[in-house]
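Here is the structure we will look at, set down as structure tokens.
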Number of protein chains: 2
Amino acid sequence: MARTLQARIAEGLWKIGEALPTEQELCAEFGVSRHTTREALRVLAEAGLVRRRQGSGTEVIADTPPALYRHQMRSLSELLDYAADTRLELVPAEGDPLELAPEGLTLAPGPGPWLAVEGVRRTLAGGAINFTRIWLPAAYASILPEFEGGARSVYDLIERRFRVRVAEVAQEMTGATLCPRSARALGRDAADPAILLLRSYLDAEARPVLVSASWHPADTFSYSMRLQRDDTAGM
Amino acid sequence: MARTLQARIAEGLWKIGEALPTEQELCAEFGVSRHTTREALRVLAEAGLVRRRQGSGTEVIADTPPALYRHQMRSLSELLDYAADTRLELVPAEGDPLELAPEGLTLAPGPGPWLAVEGVRRTLAGGAINFTRIWLPAAYASILPEFEGGARSVYDLIERRFRVRVAEVAQEMTGATLCPRSARALGRDAADPAILLLRSYLDAEARPVLVSASWHPADTFSYSMRLQRDDTAGM
DNA sequence: TCGGCAAAGTTGTCCGGACATATTCTAACG
DNA sequence: CGTTAGAATATGTCCGGACAACTTTGCCGA
């Protein structure tokens, strides 16, 4: 039954934004109980094709199942293979925070001014991994003294102290060269090739909670991920 | 009820690998109908905490909900921002396929020999994006004449022709330099910095369907992704 | 001892009903 | 004409039951 309904949606019998027949009408058409109809609609909702609202009805929100491949991880520390045993020591960045942003990074003018801090992420043995610069709303500045660079990350600390919640992370990698500042911090040449990794941590309303940039020397950069195919259960 | 059961699993009342009480026993303990019990177990199964098997019972497979953050995409072409308007022309690679594998890429000895093909991916305007080398089991060689480099990708073609299904993609990016072969193809210097992207397309039994490596000049490399937090529905 | 078969146990699917809750519509009232 | 209270409508949650499908177990016969 779910397959039949999906086929109908796919061929446009009900278009996106339109309402599906009510549960009772579907029961009558297919000659099944409400339980069976609800199960079919549940599958469609889980596949992201319809949205159900109590009292209002069932609306089509997509005509093809989205998200065929997914990459999932327990925590953001798995985003890069930052082993848990790395340290980051942060100091205030010199200069205008907005001027320090690399090309490609736009700091949306938030409710208040931005604050920039920076430092080198190292293994416990002391080897440099990257040079990181973090921008955060100045309202969150009070967490910085608490940050020891150990287990917790800056965004995690902000989430706990300020009752905000990161809902989405946008990440971009580009090829670049080390800028003078990062080259100095890493003990390398400013012209050395590097991978620049930009990240924006956004809350549910897409307001930035934290923005970061990290420069990785190209010869030590590594990133891996596994994507699993999602067989839109039940259909 | 689902929350209660999850709490019990989290505190180790039932350990990973053990069986939960049967539906009937849970009904008796909570004083609810089987319908309600099944709904709670369904939520746990959806969260990835238990696995249910008809006739056998319900087994604990994790004590904390996995996958807090997920990255999902409609198709693998979104893996890299290969706009749809790129072309890849492949020719057989010279030499022993196994010898051509870059460091870090292991070609598992499959049921038969490997075949290697290679080429340059370009925009329709002709600009070079990367140099790609693809290894595939020689049994799939017959699809190569069909590959025009247009809309379809090689793995898609193999899926359609040979009734195999890619279940998982493992991807790794590392900093590197262009090798002599790729430098020649791209018209650059072999010492130029590059990002080497290795991908393995695996079927459900983790057998490789296709393996690829692509060398991207660092100054034109770009990759972006968005991760969404997943609030383990219903709990 | 081993294989096969039946029985018991467990989850999957389906039925029909009842009430709760959220939304939308409508008609009466100010 | 605008507002509001209530009715109608829709989905959410729950009950109790029946049978099907699959797995495991144990008994029995070869």
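Here are the numbers for the structure shown:
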{"item": "Efficiency of FRET from Cβ geometry, residue A:128 and residue A:63, R₀ 45 Å, rounded to 0.05", "result": "0.35"}
{"item": "Inverse mean reciprocal Cα-Cα distance (Kirkwood Rh) of the stretch B:124-235, Å", "result": "16.2"}
{"item": "For the stretch B:2-60: Kirkwood Rh in Å [reciprocal of mean 1/r, alpha carbons]", "result": "11.4"}
{"item": "Shortest-first nm distances, residue B:180 label point to equivalent points in other copies (7 Å, Cα→Cβ)", "result": "4.0"}
{"item": "Mean separation of Cα contacts under 8 Å, 6 or more apart, over the residue count of chain A: relative contact order %", "result": "18"}
{"item": "Inter-site label distance for residue A:7 and residue A:219 at 7 Å from Cα along Cβ, in nm", "result": "6.1"}
{"item": "Sorted by Cβ neighbour density within 10 Å, fewest at the top, the residues B:56, A:214", "result": "B:56, A:214"}
{"item": "Cα→Cβ-extended label distance, 7 Å offset, between residue A:144 and residue A:184, nm", "result": "1.8"}
{"item": "Whole-angstrom Cα spans of the stretch A:100-188 along principal axes, big to small", "result": "39, 31, 22"}
{"item": "Sorted by Cβ density within 10 Å, fewest first, the residues A:212, A:182, A:224", "result": "A:224, A:212, A:182"}
{"item": "Nm distances between copies for residue A:108, ranked from closest, using label points 7 Å along Cα→Cβ", "result": "4.3"}
{"item": "√(5λ) per eigenvalue of the Cα gyration tensor, chain B, largest first, Å", "result": "47, 20, 16"}
{"item": "Around residue A:212: net Lys/Arg minus Asp/Glu count, Cβ-Cβ under 9 Å", "result": "+2"}
{"item": "For the protein assembly as shown, diffusion coefficient by Stokes-Einstein and Kirkwood Rh (Cα), 37 °C, 0.692 mPa s, µm²/s", "result": "128"}
{"item": "For chain A, built as a Gaussian network whose Cα springs stay under 10 Å, the top-fluctuating residue of A:184, A:163, A:199", "result": "A:163"}
{"item": "Residues B:58, B:177, B:64 arranged by fewest to most Cβ contacts within 10 Å", "result": "B:64, B:177, B:58"}
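Quick note: the coordinates plus some simple rules give every number you see, no bench work behind them. Treat the numbers as computed from the prediction; the structure is a model and nothing was measured. Note that each Cβ is placed from the backbone with ideal geometry, even for glycine, and that neighbours are counted across all protein chains shown.
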